[in-house]
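The structure under discussion appears below in the form of structure tokens.
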Amino acid sequence: MVMSRITVFIALLLLGGAVASCGPDIPTEPSNNRLQTIPDTLKLTPIAPSAVTTMNLACGCTFDYTVTGYGDTTYIRYQMAPSQNKSSYTITATALPTAPQGSYSSWLSLSTPDSNPDNAAHIFYDTLHVTLIVP
């Protein structure tokens, strides 16, 4: 009885080692980089119908972005312009003057792949939130 328990224990240890050795190498250091939009929330009014934010990677690296989604653009529009070296982008949100009285919200979701070859499958995301209030 004691011999069979020892045999089962050794077999489980060997099986665990075999399974662990077949897995892919996973980077132990997560990337400290991130896509950031600062500020990430803009508020528009008829008195201040435009607001500006900046999007960049925390590393200061150059990058291209993809718009992965956006909210209602009936009364809120976006314009994006790169810096000269594409290390940051200026995002301008503008309220249309035809917006009737009310509160409106929109969002803009952006992404870019990690430029680190060790994390090539990783994608950074960030979302800009915009609110328009017409009293």
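The values are calculated or read from the model by the stated rules, or taken from the named source; none is laboratory data. Keep in mind it's a predicted model, so treat the numbers as computed, not measured. Positions of Cβ are backbone-derived with ideal geometry, glycine not excepted, and every protein chain shown enters the neighbour counts.
Let me spell it out: the conditions are (1) exposed (fewer than 15 other Cβ atoms within 10 Å of the Cβ); (2) at pLDDT 95 or above, and residue 29 meets all of them except one. Which number is the exception?
(2)
Please pick out the residue among 99, 93 that is in contact with a Leu (Cβ under 8 Å, 6 or more places away or on another chain), surrounded by 13 or more Cβ atoms within 10 Å (Cβ to Cβ) and assigned to a strand (DSSP E or B).
The unique qualifying residue is 93.
Which one is nearest to residue 62 (Cα to Cα) among residues in region 88-105 that are out of contact with any His (no Cβ under 8 Å at 6 or more places or on another chain) and among the polar types (S, T, N, Q)?
Result: 88.
Residue 92: of a type outside the set (A, V, I, L, M) and closer than 14 Å to residue 42 by Cα, yes or no?
Yes; evaluated as a whole, the condition is true for this residue.
Quick check on residue 102: is it over 17 Å from the mean Cα position of the chain (by Cα), of a type in the set (Gly, Ala, Ser) and more than 13 Å from residue 49 (Cα to Cα)?
So residue 102 passes the test.
Take the conditions touching a Ser or Thr at 6+ places or on another chain (Cβ under 8 Å), modelled with pLDDT of 95 or more and among the β-branched types (Val, Ile, Thr) and apply them to residue 66. Does it pass?
Criteria met by residue 66.
Which condition breaks for residue 77 when tested against (1) assigned to a strand (DSSP E or B); (2) within 15 Å of the chain's Cα centre (by Cα); (3) free of Cβ contacts under 8 Å to residues at least 24 places away in the same chain?
Here residue 77 clears every test but (2).
Looking only at region 102-125, how many residues end up being in a strand (DSSP E or B) and either on the phi > 0 side of the Ramachandran plot or touching a residue at least 12 places away in the same chain (Cβ under 8 Å) (or both)?
14
Output the number of residues of region 60-86 satisfying the condition of being β-branched (Val, Ile, Thr), surrounded by 14 or more Cβ atoms within 10 Å (Cβ to Cβ) and more than 14 Å from residue 108 (Cβ to Cβ).
Result for region 60-86: 1.
Does region 107-122 hold any residues that are modelled with pLDDT of 95 or more and in contact with a Ser or Thr (Cβ under 6 Å, 6 or more places away or on another chain), and which are they?
107, 109, 111
So which of 67, 52 ends up being of a type outside the set (Lys, Arg) and either assigned to a loop (DSSP other than H, G, I, E, B) or over 17 Å from the mean Cα position of the chain (by Cα) (or both)?
The conditions single out 52.
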